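Taking it in order: structure first as structure tokens, then the write-up.
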Amino acid sequence: MLRGLFAKCPLSRLSHDFGQFGLLGAHATPGLTAELDQHAAAVRDAIEHGGARISRQSLTHYLHGFLDGCRERGWFSAAIEYEWELLRLLAICRMAKEYGFVR
């Protein structure tokens, strides 16, 4: 993936891009599915702790904040395995699909 790709993508574009790579498909291992479930729970907790409900707007707002934090830390993934940042992004995208915010 190109550096900076995530920082400029809205929720639907990011979800589409991950879908193109097959990372959101049904072929996920049980271990990866469990990790994504844990990240999704953390995202839900963070949004709800702030007093909001899960909506397209609140999830997009969380995504932008998360990406800003990644940019500030200079995060760039060149790893072969899933890093926690990538897992969090995948969980956000999976949530967007599950809640019907993106196709």
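The values are calculated or read from the model by the stated rules, or taken from the named source; none is laboratory data. Computed from a prediction, not measured in an experiment: that's the story for all the values here. All Cβ positions, even for glycine, are placed from backbone atoms using ideal geometry, and neighbour counts span all protein chains on display.
Taking only pairs six or more apart or across chains, which ones have beta-carbon atoms under 6 Å, a first residue in the stretch 68-82 that is at pLDDT 80 or above, and a second residue that is outside any helix (DSSP H, G or I) and not aliphatic (A, V, I, L, M)?
Note: pairs meeting the criteria are PHE76/ARG3.
Can you confirm whether the stretch 81-95 contains a residue that is within 15 Å of SER12 (Cα to Cα), within 13 Å of the chain's Cα centre (by Cα) and surrounded by fewer than 17 Cβ atoms within 10 Å (Cβ to Cβ)?
Step one: of the stretch 81-95, the residues within 15 Å of SER12 (Cα to Cα) are 89-95.
Filter once more, keeping what is within 13 Å of the chain's Cα centre (by Cα): 89-95.
If we keep only those that are surrounded by fewer than 17 Cβ atoms within 10 Å (Cβ to Cβ) as well, we get none.
No, the stretch 81-95 contains no residue that is within 15 Å of SER12 (Cα to Cα), within 13 Å of the chain's Cα centre (by Cα) and surrounded by fewer than 17 Cβ atoms within 10 Å (Cβ to Cβ).
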